[in-house]
Amino acid sequence: MDEDFDIPQPEEMNEDFDLPEDKVGEERELNDRGLKKKLLKEGQGWDTPETGDEVQVHYTGTLIDGTKFDSSFDRDSPFSFMLGLGQVIQGWDEGIKTMKKGEIALFTIPPELAYGESGSPPTIPPNATLLFEIELLSWTSVKDISKDGGILKRILSEGEKWENPKDPDEVLVKYKVCLGDGTLVAKSDGVEFTVSEGHYCPAISKAVKTMKKGEKVILLVKPQYGFGEKGKPAHGDEGAVLPNASLQITLELVSWKTVSEVTSDKKVTKKILKEGEGYERPNEGAIVKLKLVGKLQDGTVFFEKGRDEEEKLFEFKTDEEQVVDGLDKAVLTMKKGEVALLTIAPEYAFGASESQQESVVIPSNSTVYYEVELVSYDKEKESWDMNTEEKIEAAGKKKEEGNALFKAGKYERASKRYEKAVKNIEYDSSFSEEEKKLSKTLKIASYLNNAACKLKLKEYKDAERLCTKVLDIESTNVKGLYRRAQASMQLGDLDLAEIDVKKALEVEPDNREVKLEYRNLKEMVKEYNKKQAKFYGNMFSLTKA
């Protein structure tokens, strides 16, 4: 495999990525301004600290002549600071970024990266080059989560897994807010809120979006992410925050409930109360069994089934209009054992009219709420689980279902049935010759009927594509030519429409529908030519003027 993919050796990789390895006893230049580093003791692992991290070091500083001017060893007290934020001389900020945990290195720092022309009287003279022997003891990761230095996050304890809450999610947090002098101004042992709506101050909602479940952090918050120029007056148990005050917030993300948008228009949402098992979900046509409670906005229960252990579970077949559309769509997103709260707008519930549900009248335009537990489901058999005979039978059944839905004016749902019909017989290499003939007939009929759906739905590009699939199989198919011409006319491609109509008339000269479409096309061409003549006439008159 190494030869096939030409994988570089470690030495080559370091050259390619410009990641020089420090070797004990060797000195190298870190930049073109005279900063040098000599490794005295190797560190551990590969990680190095980044800008914003709080590092802890021991050090000894001397002048070029060997005069010692400072040492944390002498005080027996390590020195801590935040890297890359200008809290120390520039040579430290640049040099310590190259170190690993436990590493000891000697840095030669030129005046311009140290104390410059002024020095630091009385111990460091002007224009002094300094030598620092530094041991990197540890560091705590500090991230600039606002990207402008306004919110710095230091992790006190790592969280679980890798997911972070999103704007629609509902989080449970604990927090403690202090002023710069340590004065406690706010505290909560558990508060729940939607991330997008926020809580207390803007920094908290921004921070939780970067956290994992169980993670605990300290936030250093500048005024623009706290209470800004106005500050915050004392209220109840909460203390006052003065104008332009920075805050220190200890924050723990206890848990959260995922809220997702089931429909793209955000009119059906799902809040997960309990995670389900695995990754599998029901498919369209699956038989699902639920524990289900339906409520109105005021809490009135209008439906309840399966919650009592002795009561039979609620059962229905998905994508068959046996329940309101919002519930049907939401169940397809659930896993076995999942418990969720659905919020369903009227368009996906009972609509603009009153509806009688058991003993309760659902008022018109009601948003409804369902608490759902998906206990079990049986998927509709997929094509890969069928033999060839079953595939053809399933395709025929889906086509007939599509026909019934088309006649009922349910074009979107009919289109999906025709797509499923084709999917069942898409790969026919294992079919017998007789089965291939049946498959071809079903494919052509499903493509043509789906194209008719797409024309009704004004999805003309899709209609054109489906007709082209038919004509790839059977180049003289009159319905394929006719419907592609209709789509081309709507898309403004009159030349292609004319080619298809003429070809259709060659095959069936007396086809009434095609003749009628040809007349319509001629009218469209005549109208188009009139507009073009008027446009160019106006253009020429303007040119003369």
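The values are calculated or read from the model by the stated rules, or taken from the named source; none is laboratory data. Since this is a predicted model, take the numbers as computed values, not measurements. A quick note on method: Cβ atoms are made from the backbone with ideal geometry, for glycine too, and the neighbour counts reach across all protein chains shown. Note: accessible area is taken over every heavy atom of the protein model, side chains too, but ligands, DNA and RNA are not part of it. Shrake-Rupley method; radii C 1.70, N 1.55, O 1.52, S 1.80 Å.
Solvent-accessible area per residue in segment 291-359 equals 52 Å², computed with a 1.4 angstrom probe and all protein chains kept. Using a cut-off of 11 Å between beta-carbons, work out the net charge of the residues near residue 83 (Lys and Arg +1, Asp and Glu -1, residue 83 not included). Spelling it out: positives minus negatives among the neighbours equals -4. Between residue 410 and residue 26, the modelled labels are 7.4 nm apart [label points 7 Å from Cα along Cα→Cβ]. The string of couplings for segment 227-242 from the Karplus curve (6.51, -1.76, 1.60, θ = phi - 60°) is 10, x, 6, 7, x, 8, x, 5, 8, x, 7, 8, x, 6, 10, 5 Hz, one whole number per residue in order, with x for Gly and Pro. Only DSSP H runs of four or more residues enter the estimate; each adds -39500 (n - 2.57), and after division by the residues of the chain the mean residue ellipticity at 222 nm equals -10000 deg cm²/dmol. Label separation (residue 76 vs residue 526): 10.7 nm, computed from points 7 Å beyond Cα along the C-beta direction.
Average projection, convex hull of the Cα set of the chain: 47.2 square nanometres.
The Cβ shell under 12 Å around residue 162 holds other residues with a net charge of -1, Lys and Arg each +1, Asp and Glu each -1. Estimated at 0.36 nm per residue, the fully extended path between residue 158 and residue 192 surpasses their Cα-Cα distance by 10.2 nm. Taking 7 Å steps out from each Cα toward its Cβ at residue 44 and residue 360 produces label points 5.9 nm apart. Which links in 270/397; 381/436; 274/329; 100/166 stretch past 25 Å when you go from one Cα to the other? Table pairs above 25 Å Cα-Cα are 270/397; 100/166.
Residues within the reach of a label modelled at residue 435 (point 7 angstrom out along Cα to beta-carbon, backbone nitrogen below 15 Å), restricted to segment 390-424, are 390-396, 424.
Packing-based ranking of 267-273, 254-260 yields 267-273, 254-260, ordered from highest to lowest mean Cβ neighbour count within 10 Å. The distance from the alpha carbon centre of segment 254-315 to that of segment 206-253 is 36 Å, rounded to a whole number. Computing FRET efficiency as 1/(1 + (r/R0)^6) for residue 141 and residue 332, where r is the C-beta to C-beta distance and R0 is 45 Å, gives about 0.65.
Under 25 Å of direct C-alpha separation, and excluding same-chain neighbours fewer than eight residues apart, residue 515 reaches these lysines: 407, 454, 456, 458, 461, 469, 479, 502, 503, 526, 530, 531. For the set 58, 235, the ranking by accessible area, highest first and with no ligand, DNA or RNA atoms included, is 235, 58 under a 1.4 Å probe. A protection proxy built from the mean count of other Cβ atoms within 10 Å ranks the segments 474-486, 392-404, most packed first, as 474-486, 392-404. Positive contributions from Lys and Arg (+1) and negative ones from Asp and Glu (-1), summed over other residues with Cβ under 15 Å from the Cβ of residue 148, come out at +4. Coupling constants for segment 143-149 follow from the phi torsions by the Karplus curve (6.51 cos²θ - 1.76 cosθ + 1.60, θ = phi - 60°), and in residue order they are 10, 8, 7, 9, 6, 9, x Hz; glycine and proline get x. Take each peptide in 359-367, 274-282, 454-462, count the other Cβ atoms within 10 Å of every residue, and average; sorted highest first, the result is 454-462, 359-367, 274-282. Taking only protein heavy atoms and a 1.4 Å probe, the accessible area of segment 313-435 is 46% carbon and sulfur. Seen against the Cα atoms of the chain and their longest principal axis, helix 478-491 is set at about 50 degrees.
In the chain, the longest principal axis of the Cα atoms and the axis of helix 460-473 are about 70 degrees apart.
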